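Working notes for the structure below.
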Amino acid sequence: MDEQIQAISQPIFAIAGREFNLNSTQQVSDVLFKELDLPHERLRKTKSGHFSTASDVLENLIEQDETGIAQKMLEYREMQKLKSTYVDSLPTMIHPLTGRLHTSLSQTGAATGRLSSSNPNLQNIPIRNEAGRQIRRGFVARPGWQFVAADYSQVELRILAHVSGDTGLVEAFRLDQDIHKATAAAVFSIPLEKVTFEQRRFAKAVNFGLIYGMGAFRLARDSEMTLGEAERFIEAYFKQFPGIQGYLEGTKRQAAEKGYVETLLGRRRYFEILHNPKSSANHNEKERARREAINHPIQGTAADIIKLAMVEIHKALQEGGYAAKMLLQIHDELIFEAPEAEVEAVRELVVRLMSNAYTLAVPLKVEASVGKSWYALKE
DNA sequence: CTCAATAGCGCG
DNA sequence: AAAGCGCGCTATTGAG
């Protein structure tokens, strides 16, 4: 990746006889969409009226783009992001006395009760693409120590199963089924072993979309379905998981009647927009508030639970006389650093306390891994 | 120079 | 435009 990153030091590109700065989305938009022979009537516009050059737009253009500029820009952007945000920036933030990076965690940064991380943000270190993932090679445990990482598996869907009481979802988690596969089998009315990769991928998108209050429009856009087909699919989904439909409706009703919704542990988020019938908010704002209300009890409960686990684990490490330290929380995941001799005990302790942090109608599954670097975590 | 808004994108 | 939630950081742009 070093070579790839070095290769982007020059952000000036020439195309259609003009030079422009690839960092300037406005320049790119003007040149790429107006001077090139691309159909630009149907393209998305930004707030300021320029054509959007967001990655999803460029990806859709690759096919028809004979110049190859769309592909080039995506590659350039990926490397530029990694270079500016991580490779160039993180080393400058190493503390001179400790030789380490120290983030600041805010307990009030997120409306749902999540923590947020800043200066630097260590909750968004790349992992999804291999080039970015290489950044994690830079995070290494001190000599003779190892990282122990433990994350909740599907914690938000498990919380949805609990708060909705949906029997199908609860059963699937109790049987420790592959939840997206089980969803696909249910909505397509086929046996588990007949579920294709595509069907599972689709069910996964729908499961996540629900947590965020997704509608038929988005579903249709992200799939090959028409709007009508997407509406029928969602209908079929709710028929299969009526508890989920009940949760969505109940949450909306509570937000309207009481003006707030809350997590299992009582953390509230207020929605004046939905409570006040004379609210001046427009339709879009109300729809957004509706989705926020749907999401809060789920995301917020997950945040409550991992915080309980963090308190318990801190206590247990202290009382057990461990040298191991809790380093970082990434929403559904905790990272520790432990001396070699403590690794197995810490791993066992962390998995146990995270799993038992709060009792739901379904098990809280925790997966752990160990390694000398953040890149090399295994198991 | 600082400040705010915007576009874009990294993560869960 | 906006049409799935929650964040923080970088670069550009335009303003004072």
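The values are calculated or read from the model by the stated rules, or taken from the named source; none is laboratory data. Since we're looking at a predicted model, the values are computed, not measured. With ideal geometry, Cβ positions are generated from the backbone for all residues, glycine too; neighbour counts draw on all protein chains shown.
Here's the yes/no breakdown for (1) more than 30 Å from A:PHE336 (Cα to Cα); (2) surrounded by 14 or more Cβ atoms within 10 Å (Cβ to Cβ); (3) at pLDDT 95 or above:
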| position | (1), (2), (3) |
| --- | --- |
| A:ARG253 | yes, no, yes |
| A:GLU257 | yes, no, yes |
| A:GLY266 | no, no, yes |
| A:ASN284 | yes, no, no |
| A:ILE294 | yes, yes, yes |
| A:ALA302 | no, yes, yes |
| A:MET310 | no, yes, yes |
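The rows are residues; the columns are (1) within 16 Å of DNA strand B (Cβ to nearest atom); (2) in contact (Cβ under 8 Å) with a residue 12 or more places away in the chain; (3) over 21 Å from the mean Cα position of the chain (by Cα).
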| site | (1), (2), (3) |
| --- | --- |
| A:MET73 | yes, yes, yes |
| A:PRO96 | no, no, yes |
| A:ALA131 | yes, yes, no |
| A:ARG158 | yes, yes, no |
| A:ASP176 | no, yes, yes |
| A:LYS181 | no, yes, no |
Worksheet item: When you look at A:ASP151, is it touching a residue at least 12 places away in the same chain (Cβ under 8 Å) and more than 16 Å from DNA strand C (Cβ to nearest atom), yes or no?
Response: no
Discussion item. So, in the stretch A:178-225, exactly how many residues are out of contact with any helix residue (DSSP H, G or I) (no Cβ under 7 Å at 6 or more places or on another chain) and within 25 Å of A:ALA293 (Cβ to Cβ)?
Written reply: 4
Item to complete: Can you tell me which residue among A:ILE62, A:ILE15 is hydrophobic (A, V, I, L, M, F, W, C), under 26 Å from A:LYS83 (Cβ atoms), modelled with pLDDT of 80 or more and more than 12 Å from DNA strand C (Cβ to nearest atom)?
Response: A:ILE62
Item to complete: State the number of residues belonging to the stretch A:269-282 that are surrounded by fewer than 14 Cβ atoms within 10 Å (Cβ to Cβ) and not in a helix (DSSP H, G or I).
Response: 5
Practice prompt. Return the only residue of A:TYR358, A:TYR322 being modelled with pLDDT of 95 or more, among the aromatic types (Phe, Trp, Tyr) and over 25 Å from the mean Cα position of the chain (by Cα).
Written response: A:TYR322
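Yes/no matrix, rows are residues, columns are (1) touching a Lys or Arg at 6+ places or on another chain (Cβ under 6 Å); (2) among the charged types (D, E, K, R); (3) in contact (Cβ under 8 Å) with a residue 40 or more places away in the chain; (4) more than 21 Å from A:ILE94 (Cβ to Cβ):
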position: A:ASN121; (1), (2), (3), (4): no, no, no, no
position: A:GLN134; (1), (2), (3), (4): no, no, yes, no
position: A:GLY138; (1), (2), (3), (4): no, no, yes, no
position: A:ALA203; (1), (2), (3), (4): no, no, no, yes
Worksheet item: Restricting attention to the stretch A:222-242, does a residue exist that is touching a Gly at 6+ places or on another chain (Cβ under 7 Å) and either more than 16 Å from DNA strand B (Cβ to nearest atom) or not in a loop (DSSP other than H, G, I, E, B) (or both)?
Response: yes
Fill in: Top-ranked residue of the stretch A:27-46 - restricted to ones that are charged (D, E, K, R) and at pLDDT below 85, ranked as surrounded by the most Cβ atoms within 10 Å (Cβ to Cβ)
A:ASP30
Worksheet item: In this structure, does A:TYR237 turn out to be under 17 Å from A:ARG288 (Cα atoms) and within 25 Å of the chain's Cα centre (by Cα)?
Response: no
Worksheet item: Do you know which of the residues in the stretch A:107-137 that are at negative phi and loosely packed, with under 12 Cβ neighbours inside 10 Å is farthest from DNA strand C (Cβ to nearest atom)?
Response: A:GLU130
Discussion item. Cβ-Cβ distance below 8 Å, separation of 6 or more or different chains: which pairs start in the stretch A:308-333 with a residue that is under 18 Å from A:GLU156 (Cα atoms) and in the same structural domain as A:SER106 (by TED's automatic domain parsing) and end on one that is of a type in the set (Ser, Thr, Tyr) and more than 16 Å from DNA strand B (Cβ to nearest atom)?
Written reply: A:LEU308/A:TYR358
Practice prompt. Return the only residue of A:GLU193, A:GLU156 being within 16 Å of DNA strand C (Cβ to nearest atom) and not aromatic (Phe, Trp, Tyr).
Written response: A:GLU156
